[in-house]
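Right, one structure below, let's go through it.
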Amino acid sequence: MSSISTNSSYDAIVVGAGFAGIYMLYQLKQQGLHARVIEAGDGVGGTWFWNRYPGARCDIPSMEYSYQFSDELQQQWQWSEKYATQAELLRYANHVVERFDLADDIQLNTRVLATHFQDRTQSWQIQLDDDTTLHARFVVMATGCLSVPNVPNIKGLDDFCGPTYHTGQWPHEGVDFTGKSVGVIGTGSSAIQSIPLIAEQARSLTIFQRTPNYSIPAHNAPLDEEYVRSVKENYAEFRADNWQRGFGANFRDNDTSALAVTDEQRLAEYEDRWARGGLAFLAAFNDLVFDDDANETARTFIQGKIAGLVNDPELAQKLTPNTPVGCKRLCVDTDYYETFNQSHVELIDLQQDPLQEVNAQGLATRNKQYNVDCLVLATGFDAMTGAISNIDVRGENGTTLTEKWAEGPKTYLGLATAGFPNLFLVTGPGSPSVLSNMLPSIEHHVEWIAQCIEHMTTHQLTRIDAQTTAQETWVDHVNEVASATIYPNCNSWYLGANVEGKKRVFMPYLGVPPYLEKCREVVANGYQGFSLT
Ligand code: NA7
């Protein structure tokens, strides 16, 4: 990747070189614009660059979690497994950068510290951590939804003598746990993917669980050639069909209520979904995320499965959540619950015996000291707003984004935020983002932003800003949709509830098809809800 250009004035600066930043750069270059991506890591790939913990893989099937903007790319790229591993996804990201000749415009190992809107020039001044200042008409935040690790505020964490690894910042050279006693804090998706593999190496593994999670078996396998051929023969139709789905993915949505079928039919549907595996479980009936009674049927089914997989009934009980299924993001695993049947694996239920501190030798709960050689923090992320809030973003009249978002993020369509002209967000809060198949949602946003910039160039417009009233109406709508679901009923990262002191606000928007329609309508009505000058 090249060093910084001597010309520090750009049409656009893109923050982050994950899948969003890579594609944004491609689109801007297609328009002949002078753009540059600034990336903190020493490689591209975003989530898939940082999350290298054992077992890290996507929970959306690889034939769907991939770019569709280039038919040649989607036809030629060969995924090897149903769910791609982190390593394969990282190879894919690098391949795209190479294939479309993007590397020279990506600046690695550089962090954006601040971006300030200049009222006089109607452009942005961007401060990097290498003491360079850049100027650009547009800034695009392609900073990712899950990119700032949440390091829990546990007393004495720094006193631990052994190595501590956060799953979201895993050492690139890997970690060998052979013969070690390992402690894992957390039982979210990252823990659920890594625990079975850590258990294969570790001498002993102690898992500290604050809240249990539901997990559906992945049934991961090498991709079936016949299936790949059939998808590729009709890739455009396959993708178009996914856009019609609530989560924007091929979850085989069943348009029936869980309460409108017989017990036998319901059980058969759940058994089928369990046997096929994956997140499609949540689309077994059309009211699982809307109706608590419907959800309870799914809950009872999975609770029965956990009881069948874990030999010790008391342990099975501890591993069983009592919250609605899907309220916290559903997990997808390979042998997670079964791992607890191994004699060297122990579960500590922090609800019964709370964690008091970490000390030099390990972890102390109220009742016991657990000595470990290494500690794994599978404690998640400051989701959706963390990365943007870490940058000193100042809009019109020097107003800071932190001030504007003090009561929770406020955006128009998750694409822009009023008072911050010419600043775009890719999959920002208020868009389907994490409640959808992320890659197509990224592509949709990038294309919307690129089209908007092209429109502005063609019509010699220099400034776009979301209107406060349109934004307020949108924020109210996002909340209204969420309040009719099960989502507000648990302490999830969708609500920011996992980060101490973070305002509790439901951040993603549920419903891909209506969202796409709204975005189309806004453009068709001359960027309704935006002020363009
Ligand atoms: P998650 O899903 O946020 O999980 C984090 C886990 O860490 C969760 O079990 C938390 O318990 C636990 N946690 C966090 N802080 C603490 C403290 N202080 N003490 C004990 N336990 C704690 O993050 P992941 O990385 O697993 O997954 C994030 C997303 O990435 C996932 O949804 C997929 O989309 C991919 P809690 O539930 O808050 O009680």
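Every number in this text was worked out from the coordinates using simple rules, so none of it is lab data. On a predicted model such as this, the values are computed, not experimentally measured, just so you know. Cβ atoms come from the backbone with ideal geometry, glycine included; neighbour counts cover every protein chain shown.
Divide by every residue of the chain the summed helix terms, -39500 (n - 2.57) for each DSSP H run of at least 4, and state the resulting mean residue ellipticity at 222 nm, rounded to the nearest 500 deg cm²/dmol.
Rounded to the nearest 500, the figure is -9500 deg cm²/dmol.
Check each of the chymotrypsin sites (Phe, Trp or Tyr not before Pro) in region 289-360 and keep only those in coil by DSSP with at most 16 other C-beta atoms within 10 angstrom; list them in order.
Sparse-neighbourhood loop chymotrypsin sites (Phe, Trp or Tyr not before Pro): Phe290.
Mind pulling the per residue volume of the convex hull built on the Cα atoms of the chain? Å³ is fine.
Convex hull of Cα atoms, per residue: 150 Å³.
Applying the Karplus parametrisation 6.51 cos²θ - 1.76 cosθ + 1.60 with θ = phi - 60° to the phi angles of region 259-265, what ³J(HN,Hα) value in whole Hz is obtained for each residue in order, glycine and proline being reported as x?
For region 259-265, the Karplus curve yields 9, 9, 10, 6, 4, 5, 5 Hz.
Using the alpha-carbon centroid of each, what span in Å lies between region 4-49 and region 343-364?
Spelled out, the Cα-based centre of one part sits 43 Å from the other.
Could you give the size of the charge dipole of the chain about its Cα centre, using +1 on the Cβ of each K and R and -1 on the Cβ of each D and E, expressed in debye and rounded to the nearest 20?
Approximately 820 debye in magnitude.
Return the distance in nm (one decimal) between the two label points of a simple spin-label model at Gln356 and Glu200, each offset 7 Å from Cα along Cα→Cβ.
In this crude label model, Gln356 to Glu200 measures out at 3.7 nm.
Skipping prolines and chain starts, which residues have an amide H placed within reach, meaning under 5 Å, of the one on Phe208, given they are 5 or more residues away or on another chain?
The answer is Val184, Ile185, Gly186, Ile348.
Between Phe290 and Cys161, what length in nm is gained on full extension when 0.36 nm per residue of separation is reduced by their alpha carbon distance?
My answer for the length gained is 41.7 nm.
Under 5 Å between amide hydrogens, which residues at least 5 positions from Val140 or on another chain qualify, with H placed 1.01 Å from N in the peptide plane?
Close amide H contacts, sequence-distant or interchain: Ile13, Val14, Val15, Phe424.
For the pair Glu271/Asn397, report the inter-label distance in nm, with labels modelled 7 Å from Cα in the Cβ direction.
Here the modelled spin labels are 6.5 nm apart.
Placing unit charges on C-beta atoms (Lys and Arg positive, Asp and Glu negative, everything else neutral), compute the dipole magnitude of region 181-377 about its Cα centre in debye, rounded to 20.
That gives a dipole near 640 debye.
Summing Lys, Arg as +1 and Asp, Glu as -1, what charge do residues with Cβ under 14 Å from the Cβ of Glu480 carry, Glu480 excluded?
-1
Lys404: which aspartates and glutamates have alpha carbons under 13 Å from its alpha carbon, excluding same-chain residues fewer than 8 sequence positions away?
Asp392, Glu396, Glu472
Cysteines of the chain lacking any other cysteine beta carbon under 4.7 Å?
When partners are defined as cysteine Cβ atoms under 4.7 Å apart, the chain leaves Cys58, Cys145, Cys161, Cys331, Cys374, Cys452, Cys519 without one.
If I take R0 = 56 Å and measure r between the Cβ atoms of Glu338 and Ser9 in this structure, what FRET efficiency does the formula 1/(1 + (r/R0)^6) give, to the nearest 0.05?
Here the calculated transfer efficiency is 0.45.
Measuring from centroid to centroid over Cα atoms, what is the spacing of region 294-308 and region 227-249 in Å?
A separation of 30 Å, based on Cα centres.
Which angle between 0 and 90 degrees, to the nearest 10, do you get for helix 438-458 versus the longest principal axis of the chain when only C-alpha atoms count?
10
Amide H neighbours of Tyr412 under 5 Å, at least 5 residues apart or on other chains, H built in the peptide plane: list them.
Result for Tyr412 returns Thr417, Ala418.
What list of ³J(HN,Hα) couplings, whole Hz, do you get for region 73-85 from phi and the Karplus terms 6.51, -1.76, 1.60, once you set θ to phi - 60° and write x for glycine and proline?
Per residue, the Karplus-derived 3J(HN,Hα) values read 4, 6, 6, 7, 5, 10, 7, 9, 10, 3, 10, 6, 6 Hz.
Which order results if Leu282, Leu532 are arranged by neighbouring Cβ count within 10 Å, fewest first?
Leu532, Leu282
Which of Thr469, Asn213, Val325 sits farthest toward the positive end of the charge dipole of the chain, with +1 on the Cβ of Lys and Arg and -1 on the Cβ of Asp and Glu?
So the residue we want is Thr469.
So if we plug the beta-carbon distance of Tyr235 and Arg91 into 1/(1 + (r/R0)^6) with R0 = 22 Å, what FRET efficiency do we get, rounded to 0.05?
Rounded to the nearest 0.05, the efficiency is 0.60.
With a cut-off of at most 15 other beta carbons within 10 Å, and DSSP calling the residue loop, which trypsin sites (Lys or Arg not before Pro) in region 87-152 qualify? Please list them.
Arg111, Arg120
Using alpha-carbon positions, what is the distance between the centroids of region 277-292 and region 411-453, in Å?
That distance is 26 Å.
What ³J(HN,Hα) values, in whole Hz, does the Karplus curve 6.51 cos²θ - 1.76 cosθ + 1.60 give for region 296-309 when θ = phi - 60°, with x put for Gly and Pro?
Whole-Hz 3J(HN,Hα) from phi for region 296-309: 4, 5, 5, 4, 4, 4, 5, 4, x, 5, 4, 4, x, 8.
Full extension from Asp101 to Arg366: what is 0.36 nm times the residue separation minus their Cα-Cα distance, to one decimal in nm?
Taking Asp101 through Arg366 to full extension adds about 89.8 nm, to one decimal.
Which of the peptides 440-453, 486-499, 246-259 is most tightly packed, and how do the rest follow, going by the mean number of other Cβ atoms within 10 Å of each residue?
440-453, 486-499, 246-259
Around Ala383, what is the net charge, scoring Lys/Arg as +1 and Asp/Glu as -1 over all other residues with Cβ under 12 Å from its Cβ?
Residues near Ala383 contribute +2 overall.
Taking 0.36 nm per residue of separation and subtracting the Cα-Cα distance, what length does fully extending Val261 through Lys503 add?
Stretched fully, the Val261-Lys503 segment lengthens by 83.2 nm.
With point charges of +1 on the Cβ of Lys and Arg and -1 on the Cβ of Asp and Glu, referenced to the Cα centre of the chain, which listed residue (Pro196, Met507, Phe238) lies farthest in the positive direction of the dipole?
Checked the options; the winner is Met507.
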